[in-house]
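Notes to accompany the following structure.
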Amino acid sequence: MSGTQTEPRPRLADVARQAGVSPATASRVLTGSARVRPETRQDVEDAIAQLGYVRNRAARSTASRRVGSIAFVVCEDNARVFSEPFFPLILRSVSRELASCDIQLVLLTVHSPRDYQTASRYLRSGHVDGALLASMHGGRPFDLHSLGIPVVLAGRPFGDDDGDEFSYVDADNVGGARMAVQYLLKNGRSTVATVAGPPDMAPGVDRLRGYRTAMADAGLTDPGLIVFGDFGRVSAEHGVYRLLDRRPKIDAVFVASDLMAAGALRALRRTGRRVPEDVAVIGFEDSPLAQHTDPKLTTVRQPVEAMGSRLATELLGQIARAGQAPTHVILETELVVRESA
């Protein structure tokens, strides 16, 4: 018994190839962006007609229809997503905002290459009307332009390639870190080290930049005072051991997350350093954990709940008004002084 096989539907990448343009340009034509030359727009429209390309249901403007569901994509493994305070807090805020609009939130966690392939297929399939993406690392496997749906990022994109292409909502990581280090220096600490975040993530890079700026302004530059962690507790604990081997007389540590700060406190305690008498410690985030460490953690508060709410509203705006220019939102941070510094 013979059967017939249907040809696979043409994708946005096929349209771009046929027109001789990038997927980003083809996507801009589809969303009605004004930032496309008329002749390029004509090439893309001709390719669409030749290939019979039909945009996914979810990618069409929803100004006149109801939004049904939105995906929240976290680029970490499940263990990290459900153990680090940041993710439950921002998920709760996003979910609350969408629930008030009767919109379903779909959580996707992606870590392995297969995860990324599966998530990409899902997002392109028309199941969701838009996507929020969080915790993206450098060299990501996602081709955001080819997803065919509005996208808003939780945090600025790593590097500069997509800095103007996509909307994002972020905290002032540079300013918050600088404020923390300036506080330590003004309070008499002279050898201020840092456990920085991952160098392939924008928050890690930006918080390190804030640290370096404050130290340089004070005439203090010592690469030996910098170690890197992965935003996890154990990485920071080992990082502090390395710092103490190099610079045993450090008297303060700025740590790029509260969870890592908890690891730093453990390392200092195990090596006989008193906090804050011998070494002051400041974290970043002001998660619930900060009030349960011993001593309670001085930290930079990032407005996680406000970030989640703004992410949801920005994405709904992108869905409702196809082709609008991307927005870049930076929310203020503040220093919360407790017992550790």
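The values are calculated or read from the model by the stated rules, or taken from the named source; none is laboratory data. Just so it is clear, the model here is predicted, and its values are computed rather than measured. When we count neighbours, we look across all protein chains shown, and the Cβ atoms used for this are built from the backbone with ideal geometry, even at glycine. Calculation scope for accessible area: heavy atoms of the full protein, side chains included, ligands and nucleic acids excluded. Shrake-Rupley method; radii C 1.70, N 1.55, O 1.52, S 1.80 Å.
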#### Entry: Dipole of the chain, positive direction: furthest Cα of Val15, Ile319, Ile90, with charges on the beta-carbon
Ile90
### Query
Which net charge results when you count Lys and Arg as +1 and Asp and Glu as -1 among the other residues whose beta-carbon is under 12 Å from that of Phe228?
0
### Summary
Among trypsin sites (Lys or Arg not before Pro) in the range 238-281, those in a DSSP loop whose Cβ has at most 13 other Cβ atoms within 10 Å are Lys249, Arg274
### Task
Just reorder Met215, Met136 by solvent-accessible area, largest first, 1.4 Å probe, all chains present.
Met136, Met215
### Query
Out of these labelled values of volume of the Cα convex hull per residue in Å³, (1) 146; (2) 162; (3) 265, which was calculated from the coordinates shown here?
(2)
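Roughly what % of Cα-Cα distances in the range 171-265 sit above 20 Å, to the whole percent?
Result: 26 percent of Cα pairs exceed 20 Å.
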### Message
With +1 assigned to the C-beta of every Lys and Arg and -1 to the C-beta of every Asp and Glu, and no other charges, what is the dipole magnitude of the chain about the Cα centre in debye, to the nearest 20?
### Response
300 debye
### Task
Putting +1 on Lys and Arg Cβ atoms and -1 on Asp and Glu Cβ atoms, find which of Gly138, Ala47, Gly272 reaches farthest to the positive end of the dipole of the chain.
Gly272
### Query
Carbon and sulfur: what percent of the chain's accessible surface (1.4 Å probe)?
49 percent
### Space enclosed by the convex hull of the alpha-carbon atoms of the range 94-197, per residue, Å³
143 Å³
### Task
Please give the contour-minus-distance gain from Glu39 to Val336: 0.36 nm per residue of separation, less the Cα-Cα distance, rounded to one decimal in nm.
101.4 nm
### Query
Do you know the relative contact order of the chain, to the nearest whole percent, from alpha carbon pairs under 8 angstrom that are 6+ apart?
19 percent
### Task
With r as the distance between the Cβ atoms of Asp278 and Gln117 and R0 = 41 Å, compute the FRET efficiency 1/(1 + (r/R0)^6) and round to 0.05.
0.25
### Query
Any idea of the accessible area per residue across the chain, 1.4 Å probe, to the nearest Å²?
46 Å²
### Query
Could you give the angle, 0 to 90 degrees to the nearest 10, between helix 38-51's Cα long axis and the longest principal axis of the Cα atoms of the chain?
70 degrees
### Task
Take the alpha-carbon centre of the range 221-236, take the same for the range 279-341, and report the distance between them in whole Å.
21 Å
### Message
Taking 30 Å as R0, compute the FRET efficiency from the Cβ-Cβ separation of Arg247 and Arg209 and round it to 0.05.
### Response
0.90
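Quick check for me: using +1 on Lys/Arg Cβ and -1 on Asp/Glu Cβ, what's the dipole size of the range 235-332 about its Cα centre, in debye to the nearest 20?
340 debye
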### Query
So what's the angle, to the nearest 10 degrees on a 0 to 90 scale, between helix 304-320 and the longest Cα principal axis of the chain?
10 degrees
## Note on the structure
Taking the chain and counting helices only, DSSP H stretches of n ≥ 4 at -39,500 (n - 2.57) each over all residues, the nearest-500 ellipticity at 222 nm comes to -12500 deg cm²/dmol
